[in-house]
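The block underneath contains the structure these notes are about, expressed in structure tokens.
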Amino acid sequence: MPADIPGIHHVTAIASDPGRNYEFYTETLGLRLVKRSVNQDDVSVYHLFYGDRTGSPGTSMTFFPYTDARPGRVGTGQATTVQFVIPVGSVEYWTDRLDDHGVDTKEPRERFEDTVIPFEDPDGLHLELVARADAPDGDPPEGPVPAEHAIRGFFGVSLSLSTGSQTANLLKTMGFHPTKSVRGRQRFEAHGDLGYVVDLLEDPEAPQGKSGAGTVHHVAFQVSDAEQAQWHDALVERGLRPTQIIDRKWFKSIYARTEAGVLFEFATKSPGYTVDEDVDELGEHLVLPDWLEDRREELEADLPELTVVPKST
Ligand code: ZN
């Protein structure tokens, strides 16, 4: 068996308006746009990547913003909440900040002894800030949020499932172990310092999720280059039907839909987002994979307007 997976690599969700998405994740949440590209499976749509200063594995939240996307329905067979980790002393900073930016937050709540701030992004994607004493210092970007309060990266995700046992077994194979549970929520944890939590929310009565704006498209987990092929075989052995290894330029990926309907990806930590842009210029230009470079002019003309504020201003 390949070695245990340390945690989440990135999470990709569907949005509608790219400008509104950019503004929310950079100006309100203080993440950095670390890559601006196109959805390699639908090149008329952007693929926007936000993260820490370099978009380290465990920090990058990415979006396919379809300008005409209809709202999806949050439900079973999906990752329904994305959890980010903040320092334990930053709860008041964030409740004030979100309030100042007109974001509706629900009352902070306690879950497994952590304070959690639930809110939604402009497309209704369910987000949570989880305050942790062990939040790593990380590598926060320069920006509107002071480093001491910055989002460090992912804490984890919640998966909504009509039945949870097969996913629980898969997570154990991946190196996530059950640690805690409370009514309808079973927590699995890996050994990394970011994105190491997966909560299974089991509810046979809950409606099935439907893809659309405000829903998660897939959750990607970190694997090493050397072991990616072993993960492919391990997924086949479990009866899943993973894709072959696909070169996404910033990482290599395999995808497999779980029995419960959630799309998982297994992405390599390298080479990362600095492979094709200088770290100071990440996100400032439209970056394309080599096989799309000769269609640049056509693609740029078709993509919606998106004004990106350079880091130097
Ligand atoms: Zn992905």
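The values are calculated or read from the model by the stated rules, or taken from the named source; none is laboratory data. Everything numeric here is computed off the predicted structure, so don't read it as measured data. Note that we place each Cβ from the backbone using ideal geometry, even for glycine, and neighbour counts take in every protein chain shown. Just the protein is used for accessible areas: all its heavy atoms, side chains included, with ligands, DNA and RNA removed. Shrake-Rupley method; radii C 1.70, N 1.55, O 1.52, S 1.80 Å.
Applying the selection to the range 91-107, what residues are surrounded by fewer than 22 Cβ atoms within 10 Å (Cβ to Cβ) and modelled with pLDDT of 95 or more? V91, E92, Y93, T95, D96, R97, L98, D99, D100, H101, G102, V103 - these are the residues of the range 91-107 that are surrounded by fewer than 22 Cβ atoms within 10 Å (Cβ to Cβ) and modelled with pLDDT of 95 or more.
Filter the range 258-271 for residues that are surrounded by fewer than 19 Cβ atoms within 10 Å (Cβ to Cβ) and either without any contact (Cβ under 8 Å) to a residue 12 or more places away in the chain or more than 13 Å from the ligand (Cβ to nearest atom) (or both); which is farthest from V34 (Cα to Cα)? Spell out how you get there, then give the answer.
Of the range 258-271, the ones surrounded by fewer than 19 Cβ atoms within 10 Å (Cβ to Cβ) are 259, 261, 263, 269-271.
Now drop any that are not either without any contact (Cβ under 8 Å) to a residue 12 or more places away in the chain or more than 13 Å from the ligand (Cβ to nearest atom) (or both), which leaves 259, 261, 269-271.
Values: E259: 33, G261: 29, K269: 15, S270: 15, P271: 14 Å.
It comes out as E259.
Reported count of residues in the range 244-254, each being part of a strand (DSSP E or B) and either buried (at least 19 other Cβ atoms within 10 Å of the Cβ) or touching a His at 6+ places or on another chain (Cβ under 7 Å) (or both), is 2.
From the list F251, F266, the one residue that fits, being at pLDDT 95 or above and in contact with a Phe, Trp or Tyr (Cβ under 7 Å, 6 or more places away or on another chain), is F266. Y50 meets the conditions (1) in contact with a Leu (Cβ under 9 Å, 6 or more places away or on another chain); (2) surrounded by fewer than 24 Cβ atoms within 10 Å (Cβ to Cβ) in every case but one. The failed one is (2). Counting only residues that are open to solvent by less than 20 Å² (accessible area, probe 1.4 Å) and more than 30 Å from T274 (Cβ to Cβ), the range 53-76 holds 2 of them. Of all residues in the range 147-168, those satisfying the criterion of being free of Cβ contacts under 8 Å to residues at least 40 places away in the same chain and either open to solvent by 30 Å² or more (accessible area, probe 1.4 Å) or touching a Gly at 6+ places or on another chain (Cβ under 8 Å) (or both) are A147, S165.
Quick one: which residue in P144, P178 is in a loop (DSSP other than H, G, I, E, B), open to solvent by 30 Å² or more (accessible area, probe 1.4 Å) and of a type outside the set (F, W, Y)?
Just a single option satisfies the conditions, and that option is P144.
Among the residues making up the range 248-301, those that are aliphatic (A, V, I, L, M) and touching a Leu at 6+ places or on another chain (Cβ under 8 Å) are I254, A256, A260, V262, L282, L286, L288, L292, L299. Would you check if there is a residue in the range 147-166 being closer than 29 Å to P71 by Cβ, away from the ligand (no atom under 16 Å from the Cβ), among the hydroxyl-bearing types (S, T, Y) and part of a loop (DSSP other than H, G, I, E, B)? Yes.
For the range 283-292, the count of residues that are open to solvent by 20 Å² or more (accessible area, probe 1.4 Å), part of a helix (DSSP H, G or I) and closer than 11 Å to K35 by Cα is zero.
The number of residues in the range 84-117 being without any contact (Cβ under 8 Å) to a residue 24 or more places away in the chain and of a type outside the set (G, A, S) comes to 14. In the range 211-243, how many residues are away from the ligand (no atom under 15 Å from the Cβ), outside any helix (DSSP H, G or I) and farther than 22 Å from A168 by Cβ? Going through the range 211-243 one residue at a time, the tally reaches 4.
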